[in-house]
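Shown next, in structure tokens, is the structure this report addresses.
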Amino acid sequence: MNEYKIGGDYYGMGRQFGTQLEREGVTLDSVSAEPVDRHEEMLQFARDCEPFVEMHAPELLRELRGIADYTDVDPQAVKSIPLALNADPGCSLVAISPDHTESDAPLFGRNHDFYPSFRDYSKLFYTSPKDGLASVGCAHNFVGRLDGINEAGLAIGFSGVPTDEYAPGFMWPLAVRTVLDTCHTVSEAASWLEQLPHAQNVNFLVTDATGNIALVEASPTAVNTIRPDDGFVRATNQFTSESMQRHQPSARVPADCPRFQRLGEWFRARHTPLGLDDLQTVMGESETGVCWRTDDHEGNDPRCTIWSWTMEVGSGTALLARDSPAETDYVPITVPDSSG
């Protein structure tokens, strides 16, 4: 997992990313999980999505322009990669309020489940926008993020939900990135995600330093926010609420997902306050299906867990397993500090 540090104005951050690729001696295409030479259908969908990004997060388009200018790649092709993804990752998310933790800080965990071949594109970004919040988070491509935590002590991650029809709007990596750049609290993040036009079905789990938690279930036609009354939320690859399940192409419900069920059983079985060690143990359970090893499934490119986060939100403690946590240790990651 390569690391990139970018900061300043958004156009400049795009050029910084290009500079670091140049130092590595690699091309933009070689580090992008989506090919730069894209089909016209994807280019057109990106054009249809661009007005929504211009309305809700124009600074990200400036960052993409900086990347295109520095790498001398067609700007429309560069924009189309985060604006029109062709991917449907899995993932498991969990958040626990301070009422149930030994550190009195919220706990947040996320396993990113996708094809092992995408390990080659995994990146850890340290981002410090001039007019936004500093953050650290992971991605496969660039500009967008799949998860992370910012200097305000706000953590966010996503889990994919099957989508029948895509609609012009915001792709989830751009939504995650904008939340990290602009939101201090769960209330701010949920309000922004609720009014956003989403391009596909997706779950967003958000936790802040005060212990507030929200699961925002989003589709192109509806959005629903769940705020727990017991201090615990988990999400996998279906909508939790009945009102949102009709927006899925299948009848899959939480009871159909062993990962979802196991995380609930784990929380209900607690006898003492939970700590990071407890969270890391459950997020690394390959035998119960919460975590996937590379050899868990047959095929040339079977789904597996390719990175995992566990955090004490607001405490400055975040640990990352840069591969399946069933096979790789968690290591500390520097969290941006608002105190400077």
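The values are calculated or read from the model by the stated rules, or taken from the named source; none is laboratory data. Just so it is clear, the structure is predicted and the values come from calculations on it, not from any experiment. Cβ coordinates were reconstructed from backbone atoms using ideal geometry, including for glycine residues, and neighbour counts include every protein chain displayed. Side chains are part of the model used for accessible areas, which takes the heavy atoms of the whole protein and leaves out ligands, DNA and RNA. Shrake-Rupley method; radii C 1.70, N 1.55, O 1.52, S 1.80 Å.
Brief remarks follow.
- On the stretch given as segment 190-221, residues that are in contact with a His (Cβ under 9 Å, 6 or more places away or on another chain), open to solvent by less than 20 Å² (accessible area, probe 1.4 Å) and closer than 27 Å to Pro98 by Cβ total 3.
- Residues in segment 155-174 that are in a loop (DSSP other than H, G, I, E, B), within 25 Å of Gly66 (Cβ to Cβ) and open to solvent by less than 20 Å² (accessible area, probe 1.4 Å): 2 in all.
- The helices (runs of 4 or more DSSP H) found wholly in segment 1-94 and carrying at least 2 residues that are modelled with pLDDT under 95 occupy 40-56, 75-83.
- Hey, Asn224 at negative phi, modelled with pLDDT of 95 or more and open to solvent by less than 60 Å² (accessible area, probe 1.4 Å) or not: yes
- Leu319 closer than 27 Å to Tyr115 by Cα and either surrounded by fewer than 18 Cβ atoms within 10 Å (Cβ to Cβ) or not hydroxyl-bearing (Ser, Thr, Tyr) (or both): yes
- Matching entry among Glu63, Glu41, Glu34 (being touching a helix residue (DSSP H, G or I) at 6+ places or on another chain (Cβ under 6 Å) and surrounded by fewer than 20 Cβ atoms within 10 Å (Cβ to Cβ)): Glu34
- For Phe267, the stated conditions hold: it is over 21 Å from Thr221 (Cα atoms), in contact with a strand residue (DSSP E or B) (Cβ under 7 Å, 6 or more places away or on another chain) and buried (at least 16 other Cβ atoms within 10 Å of the Cβ).
- Figure legend. Inter-residue proximity from segment 108-135: first residues farther than 19 Å from Pro325 by Cβ and of a type in the set (Phe, Trp, Tyr), second residues open to solvent by 20 Å² or more (accessible area, probe 1.4 Å) and at pLDDT 90 or above, beta-carbon distance below 6 Å, spacing 6+ or different chains. Indicated pairs: Tyr126/Lys5.
- Selection status of Gln245, under 20 Å from Glu194 (Cα atoms), without any contact (Cβ under 8 Å) to a residue 60 or more places away in the chain and surrounded by 13 or more Cβ atoms within 10 Å (Cβ to Cβ): yes
- Of all residue pairs spaced 6 or more apart or on separate chains, those with beta-carbon atoms under 6 Å, a first member in segment 315-340 that is under 17 Å from Thr294 (Cα atoms) and a second member that is hydroxyl-bearing (Ser, Thr, Tyr) and crowded, with 20+ Cβ neighbours inside 10 Å are Ala321/Ser308; Ala321/Tyr330; Ser324/Thr305; Pro325/Ser308.
- Taking the criterion of being in contact with a helix residue (DSSP H, G or I) (Cβ under 6 Å, 6 or more places away or on another chain), of a type in the set (D, E, K, R) and in a strand (DSSP E or B), no residue of segment 97-142 qualifies.
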